[in-house]
Amino acid sequence: MNYTILSPKIPKELEKFKYFDNNIQNDDCFCNKIIYDCCIENQTASHVNFEQIVFRNVDFKQTSFRSVDLTDVRFENCDLSNVDFSGAIIHRVEIINCKIMGINLSESTLQNVIFEDCNGQYAFFRFSHCKHVSFKNCLLHNADFQESKFTKFNFLNCNLQHVQMSGTKLKGIDLSSCEIEGIGIRIEDLNGATVSPIQVVSFSNLLGLNIKI
């Protein structure tokens, strides 16, 4: 990458919460905490703010935090499957070795965000704005990035099979290290993308070409 992704600014000393039973309300704010080895379950609220937080081994179940604000946050070994974070503002966040299957991040703004070693099958990023964002070693089978905006964005060694990207401009995006079989995209969206020679064959159907070997 020819750009830098800023890391979360998290203090060394954080208040520890092993048992998290707060009834989270709209506009609640949580700061300077490490929340670990627990379950956040059946929570519904909007415009919740999490700042300088580490979530470690946390299982989110039946949780909806629409328009959540995540700033200087790290998720480690968490299960965020099917969480509704639609409309989120996410800045300086790391999501490491997490399950994000079916997570809803539609219409969200992500800046300085790293997803690494995550299972993001069926994740929903439609209409999201992503700047300084990287996916590394992630399984994104059947994820949806349609009509998203990528600026200084990176996929590295990701499974993008059957990912939907129609309407998402991939100029400057390097797909060459990824699996892209069955990717849903328009030929005009590929303009300026970097692909491998093998991937050219996969994309040939968009041009109506028959490759003779």
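In region 156-183, the residues that are within 19 Å of Pro197 (Cβ to Cβ) and without any contact (Cβ under 8 Å) to a residue 12 or more places away in the chain form no Cβ pair under 7 Å with any partner that is surrounded by 18 or more Cβ atoms within 10 Å (Cβ to Cβ) and of a type in the set (D, E, K, R), whether six or more places apart or across chains.
Number of residues in region 185-212 that are small (Gly, Ala, Ser), assigned to a loop (DSSP other than H, G, I, E, B) and modelled with pLDDT under 85 equals 1. The test for being under 28 Å from Ala193 (Cα atoms), assigned to a loop (DSSP other than H, G, I, E, B) and either out of contact with any helix residue (DSSP H, G or I) (no Cβ under 8 Å at 6 or more places or on another chain) or not basic (Lys, Arg) (or both) does not hold for Ser81.
Conditions tested, residue by residue: (1) under 18 Å from Phe124 (Cα atoms); (2) touching a Lys or Arg at 6+ places or on another chain (Cβ under 8 Å); (3) among the acidic types (Asp, Glu).
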{"residue": "Lys16", "(1), (2), (3)": "no, yes, no"}
{"residue": "Asp69", "(1), (2), (3)": "yes, no, yes"}
{"residue": "Cys78", "(1), (2), (3)": "yes, yes, no"}
{"residue": "Arg92", "(1), (2), (3)": "no, yes, no"}
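The condition (being surrounded by fewer than 17 Cβ atoms within 10 Å (Cβ to Cβ), under 16 Å from the mean Cα position of the chain (by Cα) and hydrophobic (A, V, I, L, M, F, W, C)) is satisfied by just one residue among Leu160, Leu156, Leu139: Leu156. Within region 72-98, the set of residues being touching a residue at least 40 places away in the same chain (Cβ under 8 Å) and among the β-branched types (Val, Ile, Thr) comprises Val73, Val93. The residues on offer are Thr151, Thr168, Thr109, and the sole one that is in contact with a His (Cβ under 7 Å, 6 or more places away or on another chain) and of a type in the set (Val, Ile, Thr) is Thr109. One residue stands out among those in region 52-78 that are on the phi > 0 side of the Ramachandran plot and part of a strand (DSSP E or B): the one that is surrounded by the fewest Cβ atoms within 10 Å (Cβ to Cβ), which is Asn57. Scanning region 6-24 turns up one or more residues that are hydroxyl-bearing (Ser, Thr, Tyr), within 28 Å of Asp174 (Cβ to Cβ) and in a loop (DSSP other than H, G, I, E, B).
The values are calculated or read from the model by the stated rules, or taken from the named source; none is laboratory data. Computed from a predicted structure; not experimentally measured. Every residue, glycine as well, gets a Cβ built from its backbone with ideal geometry; the counts of neighbours run over all protein chains shown.
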